[in-house]
Amino acid sequence: MEQLGLILLNGLVYGLLLFMLSVGLTLIFGMMGVLNLAHASFYMLGAFLAFTISIRLGFWAALIIVPVLVGLIGAVVERYGLRTVHKHGHLAELLFTFGLAFIIGEVVPLIWGRTPVPYRVPAALDFPLFSIAGNAYPAYRLFMMAVAIAMFLVLYLALARTRLGLVVRAALTHPDMVGMLGHDVPKVFTLVFGAGCALAGLAGVIAGNAFTTEPGMARSLGAIVFAIVVMGGLGSIWGALVASLLIGFVQTASISLDMPLGTALMHLGIPVNTAMLTDLWQITIARVAPVVPYVLLILVLALRPRGLMGTRSA
Amino acid sequence: MTLALHVTGLKKAFGPTKIIRGVELQVARGERHAVIGPNGAGKSTLFHLISGRLPSDAGQILLHGQDITGLAPHDIFNRGLARSFQVTSLFPRLSVFENLRAAAMRTHGCGHAFWRRLEGFAPLRRRAEEVLSLLGLERRRDVLAGALAYADQRALEIGVTIAGGAETILLDEPTAGMSRAETERAVTLIRRVSEGRTLVMIEHDLGVVFGLADTISVLAEGRVIASGPPDQVRGDPAVRTAYLGAAAETLA
Amino acid sequence: MSAPAQTALARPQSGAALRAMLPWVLAALAALILPHVVPGGFGLSLLCRMGIAIVFALSFNMLLGQGGMLDFGHAVFLGLGGFLAMHAMKLADAGWWIPLPALPLVGAAGGLAVAILAGWVSTRRAGTAFAMITLGVAELVVAVVLLLPSVFGGEEGLSGDRSSGPPLLGVDFGTQIQAYYLIAAWAWAAALLMWLYTRTPLGRLANAIRDNPERVGFLGYDAARIRLLVFSLSGLFAGIAGGLAALNDEIVTAGNMSPEASSAVLVMTFIGGVGTFWGPVIGAVLITFLSVALSTVTDAWQLYSGLLFVAMVVWAPGGISGIILAHAPVVRAGFAGRLAPAYAAMLPGFFLALAGTLGLAELGFRLQSVRNGASPRPVFGMALDPQGVLPWVVAAILLLAGAWLLRRAAPAAREAWQEASVMAQVQ
Ligand SMILES: Nc1ncnc2c1ncn2[C@@H]1O[C@H](COP(=O)(O)OP(=O)(O)O)[C@@H](O)[C@H]1O
Ligand SMILES: [Mg+2]
């Protein structure tokens, strides 16, 4: 039972982290129709910048400075890059962000090297909070959760209460109408893109030290986050939330299961011929965990091509 | 005689806004039928429902007595209904000729063939050439559709719609945004391409409507408030109120 | 139409058909001669890679350029085609009668099968969603391949010996030159088939769904069905490339289908140009050459190809073939001379910016190796200290000054081109 509680806790933290990334992606997509393929790269940039800044100025300074910095970088990218290719259509925009991810993926190891950097949890939060299922539960995890939830509250209020939020919400439901609202659309785009990137940067700050900060982190997490936004239904924030938590829980649960796949299937009453593909049935569920998001993606899309909560077809 | 198109009790809402509120529409085979009505009355939406672009909330659509309600656009086309768009919808990076050829492929036995040359389909090529000269666009044959002048694009929009030879044709404001002379050319074109077919046309220009249509239906506030021969509709008091009301709104 | 009129119509057409075949004849001749022109075994193996890359990039462009479908996992088809071909090669090693030249067919079957399966999920959507699903499917396939070492050999992959099969007409394909001619023949045939495909109904429908998928539905076609067919055929040709790679390398690993490999084919296809049939050929040849030539000189090759790619997306979305197409009429009309001064005015800025970019990147990589305890290699023959401030400042200034000059010179160049092309049209 405690084991289950641990899985739920860890799944929640992981799911919230995934949602922090997918919410920025979804906002940008909803506004601009562009899926920012460099989104996870901004997350990685956030983690590495946080590492560098936390050495000089400490973690708390990094927590403030890095999102602003990453947001500024994002805004500059939008203003001087994305806006230029906008006239060539969505495919060109997608290709641009793809190239951007490619470049960031090369520049980061250029600056910080190809091996993980020792970005550590701040000492003030580096203690076990309580013990669950025989494991000491780190206080930092709870801090991550708190930051994520605080971020959602701020975001929610900003969307619900500000004029900019009104425009963004209008854009999410009626993408073709924004231009007619008489707002400075390009400026709103730059703001939203920058804000989305800042969110990714913030996720990098708080997750880079809980997990590992290394040049491959954008790729491994990026693919999952893109799977999430498609699974949830492109442009749907609620869909992204459901899909993030779903993947957070399922993946965390499967990591902690040491049972071989064949045995698991037999427990479920699914007969398998273990004589064939012997290595497949002997793989533990834990090792299958990395593919879980994609299996879920395919299952969801096979049943519901537009995604969990998708309304708009691409 | 079965009707070419028979719409009953058709309804459609976007969220809370009911746009189509129970449309009844009967189009006889071989007639030219105009649908008129104030801006935003839901005329294009009605076409979207009939052609399968949008799902309807309620009601039934019969094409030559066959139920086509809820079918996908390509299924509806394959049952003999083709439509044009108010906002020009062509293949901008294909030439005028290739636009017409692509439009006629389905009905000229091409299927999805990837083992036969397109050039090998002689009737298809002849059909595309025929429509090309019908449109008077021979000299623009190899120009990319995206590079055409607006009026030529509108003509091509009609050409792409009729190239497949559908029996029932829906045209959504084919003359919108055209000059006087261009409109006249377009009317001649529409008259020719609709010969021997059933035509349903949304049109703003009442001159065009009264010159071309055998029957006129008036759509206002989501319902067909009048339907009949031009003279009868012209005198209909309900139509006058609908139009005068709309005119008053635009003035205000 | 009367009979003579018909033949009169037919005649120029057959002439056109002959003219259309001319590039293919020339390509075949070039493929025959090239190994005798290009020096050494290194050149030969480079040619083999180019042949494979050409097939791969052309198959990719069946999706991107012709069908408007951006596939982020295209290497999966190459990889699985390669694995299947490698299994066939191993069977041949074990004494089965499997003629080696047929291996690409096995690869094609593998690529086709996986494309049908993957396409069943991905092609129901278009645009961005399609692209993201291909990404997810690719991640899944690579992960599964690594989970099944009994089938795919795990991290080491599978290897075989191409010369152990039954010799065909006395040729056993043991030597590189024999392998080259086999690859060249297959690449030529596959490219020809892909070109012929562009002139079929499905090829044209692919263009139609690229331009306007919705309208296709109102012309009687199900866009999703067209996407699935095109996707499957593209997978088939990528599988041929995989079979050729298996033949050439005698080893197939999960790396052949990694996301990096998928990115690479996207980059080379786009740089070559997606708007023409032959653009990807240019990209495949150029990028394959550069990746071999430059990766021995610099560690930053990947970064440069990424920068080139983004520069193309922003300033030359038609790629190299697009640039050629834009200038061909001007040159043919004899107006190239008018462009020369305006274009030349861009060169100083271009070279300054290039030097600055190269300087920054190379300094960065030097800094890394110095931190790791190595002594720095010289930058462009200069012994620069990557830990000093001055080289960095100079490189940054070069870049900024170059960018500034380019911005100043660009409008004039654009204007000159527009003027010249209008005049070429009028002529
Ligand atoms: N997809 C949609 N979502 C919400 N409202 C729509 C949509 N399409 C049309 N409408 C609304 O429905 C009404 C009727 O539109 P339309 O059928 O285009 O009118 P018209 O008679 O001028 O062709 C308009 O008020 C329009 O704003
Ligand atoms: Mg309308």
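Of all helices (runs of 4 or more DSSP H) completely enclosed by the range C:283-394, which ones contain at least 2 residues that are within 13 Å of another protein chain (Cβ to nearest Cβ)? If you could, list the steps in order and put the result at the bottom.
Working: elements: C:301-315, C:319-332, C:336-344, C:347-371.
Once the helices (runs of 4 or more DSSP H) in the range C:283-394 are filtered for at least 2 residues that are within 13 Å of another protein chain (Cβ to nearest Cβ), what remains is C:301-315, C:319-332, C:347-371.
Out of everything in the range B:69-84 that is in contact with a helix residue (DSSP H, G or I) (Cβ under 9 Å, 6 or more places away or on another chain) and of a type in the set (Gly, Ala, Ser), what residue ends up being nearest to ligand 2 (Cβ to nearest atom)?
By that ranking, first place goes to B:Ser84.
Is it true that B:Val239 is touching a strand residue (DSSP E or B) at 6+ places or on another chain (Cβ under 8 Å), surrounded by 15 or more Cβ atoms within 10 Å (Cβ to Cβ) and at pLDDT below 90?
On the way: touching a strand residue (DSSP E or B) at 6+ places or on another chain (Cβ under 8 Å): yes; surrounded by 15 or more Cβ atoms within 10 Å (Cβ to Cβ): yes; at pLDDT below 90: yes.
Here the answer is yes, as B:Val239 does meet what is asked.
Can you work out which of the residues in the range B:39-68 that are under 21 Å from B:Leu206 (Cβ atoms) and surrounded by fewer than 21 Cβ atoms within 10 Å (Cβ to Cβ) is nearest to ligand 2 (Cβ to nearest atom)?
B:Ser44
Out of all the residues in the range B:22-38, which are within 12 Å of ligand 1 (Cβ to nearest atom) and surrounded by fewer than 22 Cβ atoms within 10 Å (Cβ to Cβ)?
B:Pro38
Taking the criterion of being modelled with pLDDT under 85 and in contact with an Asp or Glu (Cβ under 9 Å, 6 or more places away or on another chain), would at least one residue in the range C:410-423 satisfy it?
no
In the range B:179-201, which residues are part of a helix (DSSP H, G or I) and farther than 25 Å from B:Arg106 by Cα? Reasoning before the result, please.
Pass one, the range B:179-201, residues part of a helix (DSSP H, G or I): B:180-193.
Answer for the range B:179-201, where residues must be part of a helix (DSSP H, G or I) and farther than 25 Å from B:Arg106 by Cα: B:Arg180, B:Ala181, B:Glu182, B:Thr183, B:Glu184, B:Arg185, B:Ala186, B:Val187, B:Thr188.
On the basis of being assigned to a helix (DSSP H, G or I), within 14 Å of chain B (Cβ to nearest Cβ), touching a residue at least 60 places away in the same chain (Cβ under 8 Å) and crowded, with 21+ Cβ neighbours inside 10 Å, does C:Val265 make the cut?
Working: assigned to a helix (DSSP H, G or I): yes; within 14 Å of chain B (Cβ to nearest Cβ): no; touching a residue at least 60 places away in the same chain (Cβ under 8 Å): yes; crowded, with 21+ Cβ neighbours inside 10 Å: yes.
So C:Val265 does not fit the description; no.
Which ones in the range B:99-126 are charged (D, E, K, R) and either touching a His at 6+ places or on another chain (Cβ under 6 Å) or without any contact (Cβ under 8 Å) to a residue 24 or more places away in the chain (or both)?
Within the range B:99-126, the subset charged (D, E, K, R) is B:101, B:106, B:116-117, B:119, B:125-126.
If the condition is that a residue be charged (D, E, K, R) and either touching a His at 6+ places or on another chain (Cβ under 6 Å) or without any contact (Cβ under 8 Å) to a residue 24 or more places away in the chain (or both), then B:Arg116, B:Arg117, B:Glu119, B:Arg126 are the ones that fit.
Being surrounded by 19 or more Cβ atoms within 10 Å (Cβ to Cβ) and β-branched (Val, Ile, Thr) is the filter here; which residues of the range C:181-217 pass it?
If the condition is that a residue be surrounded by 19 or more Cβ atoms within 10 Å (Cβ to Cβ) and β-branched (Val, Ile, Thr), then C:Ile183, C:Thr200, C:Ile209, C:Val216 are the ones that fit.
Mind telling me which of the residues B:Ala176, B:Ala155, B:Ala151 ends up being among the hydrophobic types (A, V, I, L, M, F, W, C), more than 11 Å from chain C (Cβ to nearest Cβ) and assigned to a loop (DSSP other than H, G, I, E, B)? Let's see the steps before the verdict.
Numbers: B:Ala155 fails: assigned to a loop (DSSP other than H, G, I, E, B); B:Ala151 fails: assigned to a loop (DSSP other than H, G, I, E, B).
Only one candidate qualifies: B:Ala176.
Tell me the residue from C:Gly119, C:Gly107, C:Gly82 that is touching a strand residue (DSSP E or B) at 6+ places or on another chain (Cβ under 7 Å) and modelled with pLDDT of 90 or more, please. Break it down stepwise before answering.
Numbers: C:Gly119 fails: touching a strand residue (DSSP E or B) at 6+ places or on another chain (Cβ under 7 Å); C:Gly107 fails: touching a strand residue (DSSP E or B) at 6+ places or on another chain (Cβ under 7 Å).
On inspection, the qualifying residue turns out to be C:Gly82.
Residues that are away from chain B (no Cβ under 14 Å), in contact (Cβ under 8 Å) with a residue 12 or more places away in the chain and more than 14 Å from the chain's Cα centre (by Cα): does the range C:224-240 have at least one?
Quick first cut of the range C:224-240, residues away from chain B (no Cβ under 14 Å) only: C:238-240.
Imposing the further condition that a residue be in contact (Cβ under 8 Å) with a residue 12 or more places away in the chain reduces the set to C:238-240.
Then keep just the ones that are more than 14 Å from the chain's Cα centre (by Cα); that gives C:239-240.
Yes - at least one qualifying residue is present in the range C:224-240.
For a quick check of your reading: which helices (runs of 4 or more DSSP H) sit entirely within the range C:59-150 and have at least 2 residues that are at the interface with chain A (Cβ under 10 Å from one of its Cβ atoms)?
Working: elements: C:75-93, C:103-122, C:127-147.
Counting at least 2 such residues, we get C:103-122, C:127-147.
Taking the range B:166-196, which residues are of a type in the set (S, T, N, Q) and closer than 19 Å to B:Asp214 by Cβ?
Here is the first cut: in the range B:166-196, the residues of a type in the set (S, T, N, Q) are B:168, B:175, B:179, B:183, B:188, B:194.
Scanning the range B:166-196 gives B:Thr168, B:Thr175, B:Thr188, B:Ser194.
Counting only residues that are touching a helix residue (DSSP H, G or I) at 6+ places or on another chain (Cβ under 8 Å), surrounded by fewer than 21 Cβ atoms within 10 Å (Cβ to Cβ) and either at positive phi or of a type outside the set (Val, Ile, Thr) (or both), how many does the range C:278-310 have?
Matching residues across the range C:278-310 total 12.
List pairs: first residue in the range A:279-291 and surrounded by fewer than 16 Cβ atoms within 10 Å (Cβ to Cβ), second residue of a type in the set (Lys, Arg) anywhere in the structure, Cβ distance under 9 angstrom, at least six positions apart or on different chains.
If the second residue must be of a type in the set (Lys, Arg), no pairs are left.
For the subset of the range B:198-213 comprising residues that are away from ligand 1 (no atom under 16 Å from the Cβ) and out of contact with any helix residue (DSSP H, G or I) (no Cβ under 8 Å at 6 or more places or on another chain), which member is nearest to the other protein chains (Cβ to nearest Cβ)?
The residue in question is B:Thr198.
So which residues in the range B:5-21 are hydrophobic (A, V, I, L, M, F, W, C), away from ligand 2 (no atom under 16 Å from the Cβ) and surrounded by fewer than 15 Cβ atoms within 10 Å (Cβ to Cβ)?
B:Ala13
Which is away from ligand 1 (no atom under 16 Å from the Cβ) and within 21 Å of C:Ile226 (Cα to Cα), of B:Ala58, B:Ala72? Walk me through it before giving the result.
On the way: B:Ala58 fails: within 21 Å of C:Ile226 (Cα to Cα).
Of B:Ala58, B:Ala72, the one residue that is away from ligand 1 (no atom under 16 Å from the Cβ) and within 21 Å of C:Ile226 (Cα to Cα) is B:Ala72.
Using beta carbons and a limit of 8 Å, which pairs, at least six apart or on different chains, have the first residue in the range B:1-23 and modelled with pLDDT under 95 and the second one within 16 Å of ligand 2 (Cβ to nearest atom) and among the charged types (D, E, K, R)?
Short answer, once both residue conditions are applied: B:Lys18/B:Lys12; B:Ile19/B:Lys12; B:Ile20/B:Lys12; B:Arg21/B:Glu221.
From the list A:Leu95, A:Leu35, pick out the single residue that is over 24 Å from C:Trp301 (Cα atoms), within 9 Å of chain C (Cβ to nearest Cβ) and surrounded by 24 or more Cβ atoms within 10 Å (Cβ to Cβ). Steps first, answer last, please.
Numbers: A:Leu95 fails: over 24 Å from C:Trp301 (Cα atoms).
Being over 24 Å from C:Trp301 (Cα atoms), within 9 Å of chain C (Cβ to nearest Cβ) and surrounded by 24 or more Cβ atoms within 10 Å (Cβ to Cβ) holds for just one of A:Leu95, A:Leu35, which is A:Leu35.
The values are calculated or read from the model by the stated rules, or taken from the named source; none is laboratory data. Just so you know, these numbers come straight off a predicted model, no measurement behind them. Neighbour counts run over all protein chains shown; Cβ positions are idealised from the backbone, glycine included.
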